[in-house]
Amino acid sequence: MFRNIVTLQRQFGNAISICKMCPRQLVRCTSKYSTASVERKRFYQDVSISQGEGGLFEINLDRRKLKTPGGKLFTVPNEALAIAVATEWDAQRDTLKFYTMHLTTLCNTALDNPTQRNKDQMINAALKFLETDTICYRVEDPPALVELQKNEWDPVLHWIESRYNVTIGSSSSILGPDIPEATKDKFRQHLSSYSLWSLTGLEFVITQLKSVVLSLGMIDRHLSVEQAVLLSRLEEEYQIQRWGNVEWAHDYDMYELRARTAAGALFVQLSSETSTVKRKLMQD
């Protein structure tokens, strides 16, 4: 079943595999969505996708059409995203672990828009993170950590400044760097090219990494998921190397953050896709 889904899993590799590893739900928009952390017995045998009105794709659980927590028909804009979501539902065993189904949750958020925000409001929220970006805040001591931040964060900062022709900078002040208005305007213009769906995924990634710089670096494929996550946890990793860690907690947190970050990045890519999987395979 789902030969195309298996193909897609191989294409996206670690991202989909990591998504299954994440043990809990982190998208919290309204009380309706928070109930997704409750496990439920699997009530269907087969999962399929179909194309409905307006070319949108639907997810079918046996003969039932999937709906959002808000009661809307669950539809996605393209076949690739539909297959990825169907994979999440097909991968569930006797018990449905909703907290592992990040792509489904992101689709629900985009469809129901529980906070009722438009694109401009989402872009403004994303740019707020630029003012408190993880890699822009630097410590003054200890010297080893100062050097580590410089060696690991400066190359990414220089890359994004060159990539988007902007000035960001860094600071050890509690107020952070003074981001020029021209920089904000450039990023606002760039983010305006994203659809509401893609912005939903991007905002999710930014929230995980606490960094616009790292998020765009990953979406632009300058950084891998693993690199972006490690860079977002640089100070924590330094402290762990120095003082040690709880034996299992570190790996647990790392896998969890990778899962959420990978799912968000994959969602951005898939929600931006316009070609069908079949057409892409034929082109390949």
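When M122 is tested against (1) closer than 30 Å to K72 by Cα; (2) touching a Phe, Trp or Tyr at 6+ places or on another chain (Cβ under 7 Å), exactly one condition is not met: (2).
Considering only the range 48-57, I want to know if a residue exists there that is under 20 Å from S198 (Cα atoms), modelled with pLDDT of 95 or more and β-branched (V, I, T). For the range 48-57, residues under 20 Å from S198 (Cα atoms), modelled with pLDDT of 95 or more and β-branched (V, I, T): absent. Sub-9 Å Cβ pairs linking a first residue in the range 198-216 that is over 13 Å from V268 (Cβ atoms) and among the basic types (K, R) to a second residue that is assigned to a helix (DSSP H, G or I) and open to solvent by 10 Å² or more (accessible area, probe 1.4 Å), at least 6 apart or interchain, are K210/F129; K210/T134; K210/S232, ordered by first then second residue.
A quick yes/no check of all residues on (1) β-branched (V, I, T); (2) touching a Lys or Arg at 6+ places or on another chain (Cβ under 7 Å); (3) within 23 Å of I168 (Cβ to Cβ):
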{"residue": "S195", "(1), (2), (3)": "no, no, no"}
{"residue": "K210", "(1), (2), (3)": "no, no, yes"}
{"residue": "L214", "(1), (2), (3)": "no, no, yes"}
{"residue": "I219", "(1), (2), (3)": "yes, no, yes"}
{"residue": "Q227", "(1), (2), (3)": "no, no, yes"}
{"residue": "R233", "(1), (2), (3)": "no, no, yes"}
{"residue": "E236", "(1), (2), (3)": "no, no, yes"}
{"residue": "A263", "(1), (2), (3)": "no, no, no"}
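Taking the criterion of being within 30 Å of E140 (Cβ to Cβ), of a type in the set (V, I, T) and within 13 Å of the chain's Cα centre (by Cα), the residues of the range 175-227 that qualify are V205, I206, T207, V212.
Pairing each residue of the range 218-234 that is within 11 Å of R258 (Cβ to Cβ) with any residue that is open to solvent by less than 20 Å² (accessible area, probe 1.4 Å) and in a loop (DSSP other than H, G, I, E, B), provided the two are 6+ apart or on different chains, yields C-beta distances under 9 Å for A228/S211; S232/S211.
When the range 182-204 is filtered for residues that are over 21 Å from L56 (Cβ atoms) and among the hydroxyl-bearing types (S, T, Y), the ones remaining, listed by number, are T183, S192, S193. Based on this model, can you work out whether V166 counts as open to solvent by less than 60 Å² (accessible area, probe 1.4 Å) and touching a His at 6+ places or on another chain (Cβ under 8 Å)? Against the criterion (open to solvent by less than 60 Å² (accessible area, probe 1.4 Å) and touching a His at 6+ places or on another chain (Cβ under 8 Å)), V166 does not qualify. Looking across the range 247-284, just one residue is open to solvent by 90 Å² or more (accessible area, probe 1.4 Å) and either among the aliphatic types (A, V, I, L, M) or modelled with pLDDT of 95 or more (or both), and that is M282. Only one entry in L66, L8, L26 is at pLDDT 50 or above and hydrophobic (A, V, I, L, M, F, W, C), namely L66.
I'm trying to understand the selection: among the residues of the range 118-142, which are within 24 Å of R242 (Cα to Cα) and under 17 Å from the mean Cα position of the chain (by Cα)? Within the range 118-142, just T134 meets the criteria.
The values are calculated or read from the model by the stated rules, or taken from the named source; none is laboratory data. Nothing here was measured: the structure is a model prediction, and the numbers come from that model. Positions of Cβ are generated from backbone atoms using ideal geometry, with glycine treated the same way; all protein chains shown enter the neighbour counts. These area figures cover heavy atoms from the full protein model, side chains too; ligands, DNA and RNA do not enter into them. Shrake-Rupley method; radii C 1.70, N 1.55, O 1.52, S 1.80 Å.
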